1. Filter the range 263-296 for residues that are of a type in the set (A, V, I, L, M), assigned to a loop (DSSP other than H, G, I, E, B) and closer than 30 Å to ALA358 by Cα and give the result.
2. ASP144 versus (1) touching a helix residue (DSSP H, G or I) at 6+ places or on another chain (Cβ under 6 Å); (2) assigned to a loop (DSSP other than H, G, I, E, B): which is the lone unmet condition?
3. Of everything in the range 387-401, what is closer than 20 Å to ASP310 by Cα and either in a loop (DSSP other than H, G, I, E, B) or out of contact with any Gly (no Cβ under 8 Å at 6 or more places or on another chain) (or both)? Give them in sequence order.
4. Out of contact with any His (no Cβ under 9 Å at 6 or more places or on another chain), farther than 15 Å from GLU148 by Cβ, buried (at least 20 other Cβ atoms within 10 Å of the Cβ) and among the hydroxyl-bearing types (Ser, Thr, Tyr): which single residue out of SER33, SER49, SER23 fits that description?
5. Go through the range 206-224 and report how many residues are within 13 Å of SER305 (Cβ to Cβ), more than 21 Å from the chain's Cα centre (by Cα) and part of a loop (DSSP other than H, G, I, E, B).
6. Of all residues in the range 235-254, which are outside any helix (DSSP H, G or I) and either basic (Lys, Arg) or surrounded by 23 or more Cβ atoms within 10 Å (Cβ to Cβ) (or both)?
7. Take the range 133-173 and flag every residue that is without any contact (Cβ under 8 Å) to a residue 24 or more places away in the chain and either buried (at least 24 other Cβ atoms within 10 Å of the Cβ) or of a type outside the set (Val, Ile, Thr) (or both).
8. Mind listing just one residue for me: the one in the range 297-317 that is of a type in the set (A, V, I, L, M) and in a helix (DSSP H, G or I) and, of those, surrounded by the fewest Cβ atoms within 10 Å (Cβ to Cβ)?
Amino acid sequence: MGAEGICITGIGLVTPAGQDLVSTWRTLCAGRSLAATDPALTGLPVDFSCRVKELQVEQEVGPQRARRTDRFTHLALAAARRAVLDAELEAHRWNGERVGIILGVGSNSLETYPTEFRRLTDGKPTAVSPWAVTRSVPSTVAADLAIELGAHGPVFTVSTACASGATALGLARDLLRAGTCDIVLAGGSESGRAQMTATCFAQIRALSRRRDRPHLACRPFDLDRDGFVLGEGAAILVLERATHARRRSKAPRALLRGFATTSDAYSHAAPHPDGMGAERALRAALADAGCGLRDVDHINAHAASTPLGDAAEAAMLRRLFDGTTPPVTATKSVIGHALGASAAIEAAVTVQALQHQAVPPTANLETQDPGVELDVVTTELRRVPMNVAVSTSFGFGGSNAVLVLSTP
C-alpha cells in the first residue's frame, strides 16, 4: 500500500433512492429504475427525471435559508448533517480551523436565473432578487455548509463536469495527506431538474427520449441505449487520516486509497473514442493506491447510458483488464444522472458495496451490447468477496477521475 490510507468515517446521502444511506442502498439493490414523469419539466421534449421526493426543505434548512438558496444547496445541507452524525462528530465543537469542505458542482444552479432574467428583460431591474447571485453561484453550496458547520479551513467548490464529486474527494484526500486539515467534508450536490438544464441536454441529444416508458429509459451498456436520465442528489463523505480517526476511536467505513485525474483534451462533449485518458486515470489511481489490476474486485462504472460514452468506457475496461473484468455495476440505471454530484454518490455506493460484500444490479440491461464485453451485474444483487473497488467518473471537456476504495 502507498501513503497512509485516508479513512471514510461518515457518509450522508440524499438521492432519489432514499434520504439516508440505508434506504438508498436497499433501493439500489432492488435494481429498478426510479425515472418518472416530472411536473417540473412539463411541456419539454424530455419531461421525466429521477427526483428526490418528500424532502422537507424548511425542516432541513430552516424557512429563511430555504427561500434564499436553491435546491442543490438544500440537498447538500441535508446530506452534510447526515454525514456528520454518521461520523459521530459534533459541528462547532471541533477545531473549525482544521476542518475543510470541498464540494463538486457541475454548473451553477439554473433554477433561479430564468425567473430573474425574465424580470430584467421585462424592464423591471429593481424586481430582480438581491439573492439571485448568492443563491445560484457554485461556491454558495460550500459556503453554506461552512456557515452551518463552523468550518474555517479551506472551503471551496470544484467543477470538472460529471467528474466533479470524485475530483472533490481526491482534493480532500490531498489536503489530509498534506496535513492542512484534520477533517474534510467532501462530495457533491446538484439538481438537474431545472427546465433550462433539461432543455440544453435534450438539445445536444444526450437524454433518452423514452417518454412513454421513462422507467425503461436509462439502460447502461444495453444495445438500445439512447441517452441518460436527469437526476439530482447529494453525497457528503467525512474524510480523516487514519491516525486522527483512531485517536477518537472511530472505525472507518472504508479507505480512500487512490485517486487520479486526467484530461482527454479532445472534445467539449464527446469522450475520446479509445478511452486512453480514462485508462491513464485508472492506471494512475491504482498506482497511487499501491494496487495492481488483479487487486480490483469490483467496478462502479460511470456508465451514463449514452451510446458513445458507454462504448468508450467498456472498450477501455476490456482492454485494461484483458477481457476478464471484475463485476461491474451502473448506479445511474436506477437513480439517474445527478451530474456534478453523481461521482460522489457512486463513491458512497461503492463504500456500501465493500461493506456489504455485494454488488447491486444494473437496471434495464435487457440485451447487452455485443461490443460491451464486461461482466455487468444484472437482475439481482450479487455476493462478491472484495477488498478493493474502483469508481470511475467522466465528464464534459474530457475530465476523467478515478477513485480506488478498499475495506479498512
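1. Answer for the range 263-296, where residues must be of a type in the set (A, V, I, L, M), assigned to a loop (DSSP other than H, G, I, E, B) and closer than 30 Å to ALA358 by Cα: just VAL296.
2. Only one criterion is unmet by ASP144, namely (2).
3. Within the range 387-401, ALA389, VAL390, SER391, THR392, PHE396, GLY397, SER399 qualify.
4. Exactly one residue qualifies, and that residue is SER49.
5. Looking only at that region, the number is 4.
6. ALA235, ILE236, LEU237, VAL238, LEU239, GLU240, ARG241, ARG248, LYS250, ARG253, ALA254
7. So the first thing to find is which residues in the range 133-173 are without any contact (Cβ under 8 Å) to a residue 24 or more places away in the chain, and the list is 133, 139, 143, 147.
Selection gives SER139, ALA143.
8. Applying the first criterion (of a type in the set (A, V, I, L, M)) to the range 297-317 yields 299, 301, 303-304, 308, 311-312, 314-317.
Still in the list and also in a helix (DSSP H, G or I): 308, 311-312, 314-317.
Details: LEU308: 15, ALA311: 18, ALA312: 23, ALA314: 24, ALA315: 19, MET316: 24, LEU317: 25.
Checked the range 297-317; the qualifying residue surrounded by the fewest Cβ atoms within 10 Å (Cβ to Cβ) is LEU308.
The values are calculated or read from the model by the stated rules, or taken from the named source; none is laboratory data. All values reported here derive from a predicted model rather than from experimental measurement. No Cβ is skipped: glycine too gets one built from the backbone with ideal geometry, and neighbour counts run over all protein chains shown.
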